Amino acid sequence: MNDLVAREVDVVVVGAGQAGLSAAYHLRRAGLLPDRDFVVLDHAPRPGGAWQFRWPSLTYGKVHGMHALPGMELTGADDDRPSAEVIGTYFADYERRFGLGVHRPVAVAAVREGDGGRLSVETSEGIWSTRALINATGTWDRPFWPRYPGQETFRGRQLHTADYRGPDEFAGKRVIVVGGGASGTQHLMELAEVAAGTTWVTRRPPVFRDGPFDEDAGRAAVAMVEERVRRGLPPRSVVSVTGLPLTDAIRQARRTGVLDRLPMFQRITPSGVAWDDGRSVEADVILWATGFRAAIDHLAPLRLREPGGGIRVEGTRAVRDARVHLVGYGPSASTIGANRAGRAAVREITRLLEKEPAPV
């Protein structure tokens, strides 16, 4: 496509993870056709969303809360296969079955105000002119690295969950894992088998959830995240307010001391970390399991952010621009939430397209 000539569609979907594929499915159900009425752009090299980048030792059986995409169940999955392979294959089959025609790898650099009330989407394959945009870029591209005094002096290795490829490379090492989420606990349980020693550090005491997570609890957790988004604050993940499920593996790790948690250290030293009370821990590796932030920098030219730092959203619609919908953002960041958000976004967008017919 010629970079100087914009190709026109009604809807551009940015991202082909759970949220983007859900939106694309509902666009097709609404009668829109890929590459004529809408296009799905994905920066990843292959199907699978963020799952394709997960470490090989995260097998499908260890995954919590993976919900099927709308219209096609994930059946017959081998719990011992890496989740990246299982879900990557499932997503690829899904794209083929519904003929979604995902364009990849395509990087989206910026979304700007275009001509005639349209949005201009600048990408590595040229410019797309669209009447509406569904942003489904998730968080994997924006790992969050906290900053602590002395961090640059550490002589060992520092890495983030985004760079973790399994426990084998840490054999015989002393590892500090920072972070109280599911990734942190998974790392610790794997590393304890091979590392010389592990230390778990979190900013807040971890909350373990025993028993079933019923519908009322789920709604309450989502409501807490929604409230932040309505106020224009950066969203916290749904998982951060639900707590960690108390599985048999977690119980065993707590009994054996693998999940004995220390409060956050005050500084990093050349050989480890230290607290103001005089305690210190020596380490060869600091693994930051500190989560991710929403990958929305390409939307900056539209000035959607509120003074609080987030994008204020009603349902999936950006309050500052009704043409822009965010799915997989804030309360819809879970896999089941992404499915529902994809449907909701398409419902609103089809109303928008009917209200504002394309110019002849």
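Structural remarks
- With respect to the stated conditions, residue 109 is surrounded by fewer than 15 Cβ atoms within 10 Å (Cβ to Cβ), modelled with pLDDT of 95 or more and touching a strand residue (DSSP E or B) at 6+ places or on another chain (Cβ under 6 Å).
- Check on residue 295, modelled with pLDDT of 90 or more, buried (at least 18 other Cβ atoms within 10 Å of the Cβ) and not in a strand (DSSP E or B): yes
- Of all residues in segment 314-340, those being at pLDDT below 90 and hydrophobic (A, V, I, L, M, F, W, C) number 3.
- Qualifying residue in segment 84-91 (condition: modelled with pLDDT of 95 or more, surrounded by fewer than 18 Cβ atoms within 10 Å (Cβ to Cβ) and outside the structural domain of residue 167 (by TED's automatic domain parsing)): yes
- Screening residue 25 with (1) at pLDDT 95 or above; (2) more than 17 Å from residue 91 (Cα to Cα) gives one miss only, at (2).
- Subset tally (residues that are touching a helix residue (DSSP H, G or I) at 6+ places or on another chain (Cβ under 6 Å) and among the hydrophobic types (A, V, I, L, M, F, W, C)) for segment 45-60: 2
- Considering the conditions (1) surrounded by fewer than 15 Cβ atoms within 10 Å (Cβ to Cβ); (2) touching a residue at least 60 places away in the same chain (Cβ under 8 Å), residue 57 is excluded by exactly one of them, (1).
- Note on segment 101-149: residues that are closer than 30 Å to residue 272 by Cα, of a type outside the set (A, V, I, L, M, F, W, C), touching a residue at least 12 places away in the same chain (Cβ under 8 Å) and not in a strand (DSSP E or B) amount to 6.
- Residue within segment 15-30 that is closer than 28 Å to residue 119 by Cα and in a strand (DSSP E or B) present: no
- The set of residues in segment 34-81 being outside any loop (DSSP other than H, G, I, E, B) and either aromatic (Phe, Trp, Tyr) or farther than 19 Å from residue 94 by Cα (or both) consists of 38, 51, 53, 59, 60, 61, 62.
- The residues in segment 267-282 that are surrounded by 15 or more Cβ atoms within 10 Å (Cβ to Cβ) and among the hydroxyl-bearing types (Ser, Thr, Tyr) can be counted, and the count is 2.
- Which numbered condition residue 140 fails, given (1) hydrophobic (A, V, I, L, M, F, W, C); (2) modelled with pLDDT of 95 or more; (3) closer than 14 Å to residue 14 by Cβ: (2)
- Consider segment 242-266 and keep the residues that are more than 12 Å from residue 180 (Cβ to Cβ) and of a type in the set (A, V, I, L, M, F, W, C). The one that is surrounded by the most Cβ atoms within 10 Å (Cβ to Cβ) is 265.
The values are calculated or read from the model by the stated rules, or taken from the named source; none is laboratory data. Every value quoted in this text rests on a predicted model; they were computed, and no experiment measured them. Backbone-built Cβ (ideal geometry, glycine too); neighbour counts: all protein chains shown.
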